[in-house]
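Novice: Dropping the structure in here first, questions after.
The values are calculated or read from the model by the stated rules, or taken from the named source; none is laboratory data. Just so it is clear, the structure is predicted and the values come from calculations on it, not from any experiment. Ideal geometry is used to build each Cβ from the backbone, glycine not excepted, and the neighbour counts take in all protein chains shown.
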Amino acid sequence: MKKSWIVIGVLALVILWLVFSSIGSYNSMVTKDETVTGQWSQVENVYQRRADLIPNLVSTVKGYAAHEKETLEGVVNARAKATSTTINANNLDAAALQKFQSAQDGLSSALSRLMVVVEKYPDLKANQNFLELQAQLEGTENRIANERKKFNETAQDYNTYIRKFPKNLYAGMFGFEKRAYFESTAGADVAPKVEF
């Protein structure tokens with residue numbers, strides 16, 4: 001009789017440990033998942049800030065460089081594409097992230113072409129509104145890089161957590177999936193060629 005109570009007690013402790021372990025693991029996964037989602041919102045926030053600066057920048061340049069219509073339209077079109085490409089924070093897979101990044105890269109490229117055009121207009125480069133907008137845009141680009149780095153760090157923390165044993169078992173049971181990372185653009189590892 002005494003042995004059966006010991007066996008029942010041990011089984012009860014094991015069951016309680018499994019229940020509390022799974023509850024703790026689930027809650028930790030939810031917290032880490034929400035951290036990744038929140039950080040993704042910050043990434044979108046700084047990309048939105050950049051998109052919001054662009055109409056003012058284009059308007060300022062337009063007054064000085066009216067005949068650079070093609071470049072200005074390219075920036076406006078790239079901005080429209082970048083702002084229309086959104087991702088559900090709960091569906092941050094590699095393909096969706098690549099599509100989003102591709103649209104943002106198109107906008108970055110269009111902005112680079114615009115800055116080349118600006119070099120032709122010394123009066124524009126001296127314009128206080130333009131200088132302010134350019135400084136804000138540079139600051140925003142730094143924020144984008146910083147928030148992307150933070151996003152990758154939170155995604156790595158989450159991915160590592162759900163892939164460790166026995167958390168991977170709970171992650172599979174509860175449907176927690178690995179999150180994608182921001183990756184550098186193809187060709188970013190090659191230094192640009194500078195000619196004078």
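Novice: Across region 38-81, what is the number of residues that are surrounded by fewer than 13 Cβ atoms within 10 Å (Cβ to Cβ) and not in a helix (DSSP H, G or I)?
Specialist: Residues meeting the conditions: 2.
Novice: Please state which of the following conditions Lys120 fails to meet, knowing it meets all the rest: (1) assigned to a helix (DSSP H, G or I); (2) over 24 Å from Tyr181 (Cα atoms).
Specialist: Only one criterion in (1) assigned to a helix (DSSP H, G or I); (2) over 24 Å from Tyr181 (Cα atoms) is unmet by Lys120, namely (1).
Novice: What is the residue count in region 158-175 for residues that are part of a helix (DSSP H, G or I) and surrounded by fewer than 13 Cβ atoms within 10 Å (Cβ to Cβ)?
Specialist: Final tally of qualifying residues: 5.
Novice: Restricting region 13-37 to residues that are at pLDDT below 95 and small (Gly, Ala, Ser), which is surrounded by the fewest Cβ atoms within 10 Å (Cβ to Cβ)?
Specialist: Step by step, filter region 13-37, then rank; the result is Gly24.
Novice: Within region 84-97, which residues are touching a residue at least 24 places away in the same chain (Cβ under 8 Å) and either part of a loop (DSSP other than H, G, I, E, B) or touching an Asp or Glu at 6+ places or on another chain (Cβ under 9 Å) (or both)?
Specialist: Thr86, Ile87, Ala89, Asn90, Leu92, Asp93, Ala94, Leu97 - these are the residues of region 84-97 that are touching a residue at least 24 places away in the same chain (Cβ under 8 Å) and either part of a loop (DSSP other than H, G, I, E, B) or touching an Asp or Glu at 6+ places or on another chain (Cβ under 9 Å) (or both).
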